[in-house]
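Novice: Below you'll find the structure I mean.
All of the numbers you see were taken from the coordinates with simple rules; none came from a lab. Quick caveat: nothing in here was measured; it's all calculated off a predicted structure. With ideal geometry, Cβ positions are generated from the backbone for all residues, glycine too; neighbour counts draw on all protein chains shown.
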Amino acid sequence: MNPSYKPADVESAAQAYWTAADAYRVTEDARKKKYYACSMLPYPSGKLHMGHVRNYTINDMLTRYLRMSGYNVLMPMGWDAFGLPAENAALKNGVPPAAWTYENISYMKGQLQAMGLAIDWSREIATCDPGYYKWNQWLFLKMLEKGIAYRKTQVVNWDPVDQTVLANEQVIDGKGWRTGAPVERREIPGYYLKISDYAEELLEHTQHKLPGWPERVKLMQENWIGRSEGVRFAFTHNIRDDKGALIQGGRMYVFTTRADTIMGVTFCAVAPEHPLALHAAKSDPKVAAFIEECKSGGTTEAELATQEKKGLRTSLTVTHPITEEQVPVWVGNYVLMSYGDGAVMGVPAHDERDFAFANKYGIEIIQVVLVDDEPHFNYHRWQDWYADKERGVTINSDNFSGMSYAEAVKAVAHALEQKGLGEMKTTWRLRDWGISRQRYWGTPIPIIHCEQHGAVPVPEKDLPVVLPTDCVPDGSGNPLHKHEGFHAGVVCPVCGKPARRETDTMDTFVDSSWYFMRYCDPKNDEAMVAGGADYWMPMDQYIGGIEHAILHLLYARFWTKVMRDLGLVKCDEPFSKLLTQGMVLNHIFYTRNEKGGKDYHPPSEVTQVLDTQGRITGGTLADGTKVEYGGVGKMGKSERNGVDPQDLIEKYGADTARLYTMFTAPPEATLEWNDAAVEGSYRFLRRVWNFGVALDGAGANSAVEGKPVFGKEAKALRREVHTVLRQIDYDYQRMQYNTVVSGAMKLLNALEGFKPAEPDGGDRAAVREAMGILLRCLYPATPHIAHQLWHQLGYDKEIGELLDAPWPVVDVGALEQDEIELMLQINGKLRGSLHVPATASKQEIEKIALASEAFVKHAEGVTAKRVIVVPGRLVNVVV
């Protein structure tokens, strides 16, 4: 056994052993209780970061612990391989996204293997593999058959120079990220999935079927689904199109949760794409110009929430459904056609956005809600009580005056229903999921376009529609448009005439909405999922970042319900438990460049400058340049404050990297990087190794024969070890891995502090037992060093391979004490302590106390008046 701890040697030997034994291959086994633990699959960006190390180590610790506890545990891995970053890399480097992606997968897989993770690589998937995305296409066609998928026009970001659609993240300050051209909003056809049909079930299951999810994530899901009770009603009008027909049947519908404020409506606003806005633009150049201007705005609710609210009054009016007064129609850049009916009622007095809009454009404000004991209504300064529906009472509302919020809503709804103009309605914030992306590197949408028959589904037998892998995007639009091979020989499945393939690809959220099910049946060419999914699903523990708390999780839940309804899976929800691990943070340092921007510098290149209280105030580079301190933030490429796991592994070993990320903070908390703490983790492992070397040198590499007899010191060691083990086991069960590691440190301290009275027999047995417990407790966190010491000290022959060694059980007998220590007080003052038998009665304890040297010394011959015994704590003698 090497007397020095050499992580590279230890880890390569352990990994070679596991590889030769195919140790992590998992099969379905009805005799064992299954446990499916999965981390969110990574994007193959090129290198792992410390967030990956932390995420996968959490999963690995859970997997190894449960396997030792007798479970059949699945821990798979794959690659979220489609997406925009690969296209951007292709533009930059002139290589096909496929080549870039697979090269990154190869490198990152090597990094994961170097971490010693218990991954079943036989189940590896890549979402850019035709064998995987074939099933994206297959399920899309099934959704099309069932009416869950459908085609409609969508508003997109259009770069007029590159002649291409841009993702929201490619629009910077309203301009294309590559060309700098003002981005336009255009309507083009695309495919949508009816996630809104599942809104009610998604919400109900969020509230009642996800007990293992963090409350804040469930709340985020609930808010995104956004159930609202309100009234949908119409403003009537007599506005006709060029052919004399009433536009939208003479009704402009809106939805509101504040029907109690209907008498305060002073304007209505419609989306730029609304039929009334388009009609007004035909006769009013100003409206037409404003609509064109709106096309350069955002296309999402989030973008519209942050941009400046602009509007233009048209010459059109609509009729108020209660007062029958004429209400002016405005076009607003903040109204989305895709939300509700593309029109909103404006009540400036009781809606903060409308209040600002009215003050900006001089629109009338009418107060129709009063809250007692609040200050006078200020028509030029918004106050939160204006929107208070809990305390408010209607005023200036004719027959509806004097009512509470609930009473007024009910009364207004009834009045509108009587007129045939409205009704109570439940609406949802959740909108159908648009999956069409006008980009190359994604799953081809399996549609063929025929001049005669329109959009025709690709026959099932012709799946997958394979994406060409030789394209190199050049920024001039989707390269699939001009890829001859992609369209060669394509004919309409209906008439057999020449046709063209759909060049849109699917949103990459599609790929990640079911990959966890494919892990269960990864090699099945005949079915999307099969018996493996029946065995493993639902997933028992999902692990990933809080940044995926809404869309990814929501889409995965939706996809699971669709698969259930199609008879493919049996579960309602995909993930029984969810853990959102905290981010890894590091210091940020920068200098200012000539343009006033920030040039970032890696913390490893900065000598920190501290104030008198030890706080970082700045730093210097090697050449003496002063740098500014930007605080602590998430590790990232742009801030150059990341730590390369590979560098850490090469310097200290994978076990140190794993141990540090587990010990420094609880899994859910953020972890602030600390180089000194990394060094501390390495020193601890070196102590573990050195203790193992000492045991091996002392010949303690085999079990003690016969039943050992434990002396006083050995019993004390066993009591401490099993007390700590009880806490460690509890912490493993609740996934508090930071305290697991601190518990392992206590075990080592106990071992190092133990002074055996005899080299063999009970003392040696106690040490050997304690070391075996320590190695098993450490193994899920630091598997390499635990594996090597386990073999070197002969535990594999005594107990079995560490992979499947039984989890250590707390010996209740070891926790029992032969004697206990009690504090001795005389007249309430501490005068020493007593050791008494653990089973001693109160009378026996009194006798021992009165006969003790401490009492005889301090009582000075005075007779005790009485003795007070506090069980398990102290004895107080009153003299």
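Novice: Taking H as built 1.01 Å from N, whose amide H comes closer than 5 Å to the amide H of residue 824, not counting residues under 5 places away?
Specialist: HN-HN under 5 Å from residue 824: 831, 832, 833, 834, 875.
Novice: Charges at C-beta only: +1 for Lys and Arg, -1 for Asp and Glu. How large is the resulting dipole of segment 227-428 about its Cα centre, in Debye rounded to 20?
Specialist: It works out to roughly 580 debye.
Novice: Right, here's the next one. With contacts defined as alpha carbon pairs under 8 Å and 6 or more residues apart, what's the relative contact order of the chain in percent?
Specialist: 13 percent
Novice: Here's a follow-up. What value in Å³ per residue do you get for the convex hull of the alpha-carbon atoms in segment 640-710?
Specialist: 148 Å³
Novice: Continuing with this model, one more query. Taking H placed 1.01 Å from N in the peptide plane, check which residues at least 5 places from residue 330 or on another chain put their amide H under 5 Å from its amide H.
Specialist: 268, 269, 270, 314
Novice: While we're looking at this one, here's another question. Report relative contact order for segment 651-810 in percent, whole number only (criteria: Cα-Cα under 8 Å, sequence separation at least 6).
Specialist: Relative contact order for segment 651-810 comes out at 32 percent.
Novice: Let me ask another. Apply the Karplus curve 6.51 cos²θ - 1.76 cosθ + 1.60, θ = phi - 60°, to the phi angles in segment 451-463 and return the couplings in whole Hz, x for Gly and Pro.
Specialist: Values per residue, Gly and Pro as x: 4, 8, 10, x, 7, 10, x, 5, x, 4, 5, 9, 7 Hz.
Novice: Hey, rough spin-label estimate for residue 288 and residue 172, points 7 angstrom out along Cα→Cβ, what's it come to in nanometres?
Specialist: For residue 288 paired with residue 172, the spin-label model returns 3.5 nm.
Novice: Per residue of segment 760-777, in order, report the coupling 6.51 cos²θ - 1.76 cosθ + 1.60 (Karplus, θ = phi - 60°) as ³J(HN,Hα) in whole Hz, putting x for Gly and Pro.
Specialist: With the stated coefficients, segment 760-777 comes to 10, x, x, 5, 5, 5, 5, 5, 5, 4, 5, 5, x, 5, 4, 5, 6, 5 Hz.
Novice: Which residues' amide hydrogens lie under 5 Å from the amide hydrogen of residue 154, considering only partners 5 or more residues apart or on another chain, with H built in the peptide plane?
Specialist: HN-HN under 5 Å from residue 154: 188, 190.
Novice: Note down the nm distance, to one decimal, between modelled labels 7 Å out along Cα→Cβ at residue 572 and at residue 418.
Specialist: Here the modelled spin labels are 4.2 nm apart.
Novice: Tell me, what does the Kirkwood hydrodynamic radius of the chain come to in angstroms if you use every pair of distinct C-alpha atoms? Spell out each step's value before the answer.
Specialist: Numbers: mean 1/r = 0.0304 Å⁻¹.
After inverting the mean inverse Cα-Cα distance, the result is 32.9 Å.
Novice: Placing one identical point scatterer on every Cα of segment 819-878 and ignoring solvent, what is log10 I(q)/I(0) from the Debye formula at q = 0.12, 0.16, 0.23 Å⁻¹?
Specialist: Here log10 of I(q) over I(0) equals -0.22, -0.40, -0.84.
Novice: Further, regarding this structure: Given the options 143, 812, 749, identify the residue whose Cα lies farthest towards the positive end of the charge dipole of the chain (+1 on Cβ of Lys, Arg; -1 on Cβ of Asp, Glu).
Specialist: Among 143, 812, 749, the one farthest towards the positive end of the dipole of the chain is 812.
Novice: To continue, here is another question. If r is the Cβ-Cβ distance from residue 466 to residue 216 and R0 is 60 Å, what FRET efficiency results, to the nearest 0.05?
Specialist: It comes to 0.90.
Novice: Out of all DSSP beta bridges with both ends in segment 819-878, state the antiparallel percent to the nearest 5. Mind dumping the intermediate values first?
Specialist: Values: 13 of 17 bridges.
Bridges in segment 819-878 are about 75 percent antiparallel.
Novice: Determine the percent antiparallel among the DSSP beta bridges restricted to the chain, to the nearest 5.
Specialist: Bridges in the chain that DSSP calls antiparallel: roughly 80 percent.
Novice: Let me ask you something else. Residues of segment 492-533 with amide nitrogen under 14 Å from the 7 Å Cα-to-Cβ point of residue 551?
Specialist: The answer is 506-513.
Novice: Rg and Dmax of segment 678-815, using alpha carbons, in Å: what are they?
Specialist: In Å, with Rg to one decimal and Dmax whole: 14.0, 42.
Novice: Still on this structure: Which stretch or stretches of segment 533-551 have amide N atoms under 16 Å from the point lying 7 Å from residue 223's Cα along the Cα→Cβ direction?
Specialist: 546-551
Novice: Could you give the length gained by full extension between residue 398 and residue 727, i.e. 0.36 nm per residue of separation minus their alpha carbon distance, to one decimal place?
Specialist: 111.6 nm
Novice: Antiparallel DSSP bridges in segment 471-603: what percent, to the nearest 5?
Specialist: On the way: 5 of 10 bridges.
Approximately 50 percent, going by the DSSP bridge assignments.
Novice: Quick one: order 707, 389 by neighbouring beta-carbon count within 10 Å, fewest to most.
Specialist: So the ranking, lowest neighbour count to highest, is 707, 389.
Novice: Rg and Dmax in Å for segment 565-637, alpha carbons only: what are they?
Specialist: For segment 565-637, the Cα radius of gyration and maximum Cα-Cα distance read 21.7, 68 Å.
Novice: For segment 227-428, count all C-alpha to C-alpha pairs, find those more than 21 Å apart, and express that count as a whole percent of the total.
Specialist: That fraction is 53 percent.
Novice: Could you state the orientation-averaged shadow area of the convex hull built on the Cα atoms of segment 358-483, in nm² to one decimal?
Specialist: On the way: hull surface 67.1 nm².
Average projection, Cα convex hull of segment 358-483: 16.8 nm².
Novice: Points 7 angstrom from Cα along the Cβ direction at residue 372 and residue 676: gap in nanometres?
Specialist: Distance between the two pseudo-spin positions: 6.1 nm.
Novice: Would you kindly derive the ³J(HN,Hα) couplings of segment 704-719 from the backbone phi angles with the Karplus curve 6.51 cos²θ - 1.76 cosθ + 1.60 (θ = phi - 60°), listing them in order in whole Hz, with x for Gly and Pro?
Specialist: 7, 6, x, 7, x, 9, 9, x, 4, 5, 5, 5, 5, 4, 4, 4
Novice: About the Cα centre of the chain, what is the dipole size in debye to 20, counting +1 per Lys and Arg Cβ and -1 per Asp and Glu Cβ, all else neutral?
Specialist: 700 debye
Novice: Still on this structure: Report, in cubic angstrom per residue, the convex hull volume of the C-alpha atoms of segment 141-279.
Specialist: Given the Cα convex hull of segment 141-279, per-residue volume reads 231 Å³.
Novice: Before rounding to the nearest 500, sum -39500 (n - 2.57) across all DSSP H runs of length at least 4 in the chain and divide by the residue total; then give [θ] at 222 nm in deg cm²/dmol. Kindly include the intermediate steps, with their values, before the conclusion.
Specialist: Numbers: 28 runs with 313 residues, N = 879.
Calculated mean residue ellipticity at 222 nm is -11000 deg cm²/dmol.
Novice: Find the relative contact order for segment 584-634 and round it to a whole percent, using C-alpha pairs within less than 8 Å whose residues are 6+ positions apart.
Specialist: 42 percent
Novice: Hey, what's the per residue convex hull volume over the C-alpha atoms of segment 757-879, in cubic angstrom?
Specialist: It comes to 155 Å³ per residue, whole-number rounded.
Novice: Okay, moving on. Distance between the C-alpha centers of segment 57-103 and segment 686-757? Whole Å please.
Specialist: First find each Cα centre; the distance between them is then 37 Å.
Novice: So if I place +1 on the C-beta of Lys and Arg and -1 on the C-beta of Asp and Glu, and nothing else carries charge, what would the dipole magnitude of segment 186-326 be about its Cα centre? I want it in debye, nearest 20. Show your work: numbers first, answer last.
Specialist: Details: 17 positive and 20 negative charges, 44 e Å.
Here segment 186-326 has a charge dipole of around 220 debye.
Novice: May I ask you to give the average projected area over all directions of the convex hull of the Cα atoms of segment 766-807, in nm² rounded to one decimal? Display every interim value, and only then the final one.
Specialist: Numbers: hull surface 10.1 nm².
In nm², the orientation-averaged hull projection of segment 766-807 is 2.5.
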